[in-house]
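The values are calculated or read from the model by the stated rules, or taken from the named source; none is laboratory data. All of these numbers come straight from a predicted model, not from anything done at the bench. Here the Cβ positions follow ideal geometry from the backbone for every residue, glycine too, while neighbour counts run over all protein chains shown. Calculation scope for accessible area: heavy atoms of the full protein, side chains included, ligands and nucleic acids excluded. Shrake-Rupley method; radii C 1.70, N 1.55, O 1.52, S 1.80 Å.
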Amino acid sequence: KPRHCLAGHGAAVEVPADAPALEVGAQLGIVIGSEACRVREADALACVAGYTICSDLSVPHPSYYRPSLRYKARDGFLPLGPWILAASHLPDPDALQVWVHIDGREAQRYSTAGMQRGVARLIAEVSAFMTLAPGDLLMLGAGPVAPLARIGQTVRITIEPIGTLEHRLVAEGAA
């Protein structure tokens, strides 16, 4: 996503006037720590500096495989945080529980163990066609059926041991 999409922990994210709700794509963020070009899957985790939490927001739309930028690349549509946990503190990123709470109610729970591909495989596949640089961020992918959140609601995504990312949704022009 472009830089203007990034937002931090505690952010107020503006919901477009024509969107009744936003999809919350809770994801594990993989922060690259060293250059990765054509990395073998067996060596891929050595390229990771750390992990964070990503809230990949989107206006609901009919096509998953060809999403329009206007639905996914809005200002503030990628809250990150609350910090980066060093990779050395997370030996198995493919066995994490992810919880999404909207206004304090559990809206989704899934495990990174159930993802289509694990962290090492993702890094190997992406680095096969492009070089990853220190500071680049890959997102592992969201769990099934992203929950919806509306204006006025608070979203909390927890991935232990990383922590909890929180942001709230506000009407466009209210931030």
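Here the label points at R109 and E172, each 7 Å from Cα along the C-beta direction, are separated by 3.6 nm in the simple model. Using all C-alpha to C-alpha distances in the chain, build P(r) with 5 Å bins and read off the rounded percent in each one. P(r) for the chain, in whole percents per bin: 1, 9, 18, 21, 20, 16, 9, 5, 1, 0.
Could you give the length gained by full extension between R70 and R38, i.e. 0.36 nm per residue of separation minus their alpha carbon distance, to one decimal place? The partial results should precede the final answer.
On the way: separation 32, 0.36 × 32 = 11.52 nm, distance 3.19 nm.
Roughly 8.3 nm would be gained on extension.
Simple point charges give the picture: +1 on the Cβ of Lys and Arg, -1 on the Cβ of Asp and Glu, and for segment 1-138 a dipole about the Cα centre of about 260 debye. Along the axis of the charge dipole computed for segment 65-165 (Cβ charges of +1 for Lys and Arg, -1 for Asp and Glu, origin at the Cα centre), the listed residues L122, G163, I102 are led at the positive end by I102.
Diffusion coefficient (Stokes-Einstein, Kirkwood radius over C-alpha pairs, 10 °C, 1.306 mPa s) for segment 14-91: 109 µm²/s, rounded to a whole number. Over the chain, DSSP H runs of length four or greater, each weighted -39,500 (n - 2.57), average out per residue to a 222 nm ellipticity of -2000 deg cm²/dmol.
In this simple spin-label model, placing a label point 7 Å from the Cα along the Cα-to-Cβ direction at both A12 and L137 gives a separation of 2.1 nm.
For the residues M130, M115, M139, a GNM of the chain with alpha-carbon springs under 10 Å puts the largest fluctuation on M130.
Within the accessible surface of the chain, defined with a 1.4 Å probe on protein heavy atoms only, the carbon and sulfur portion equals 52 percent.
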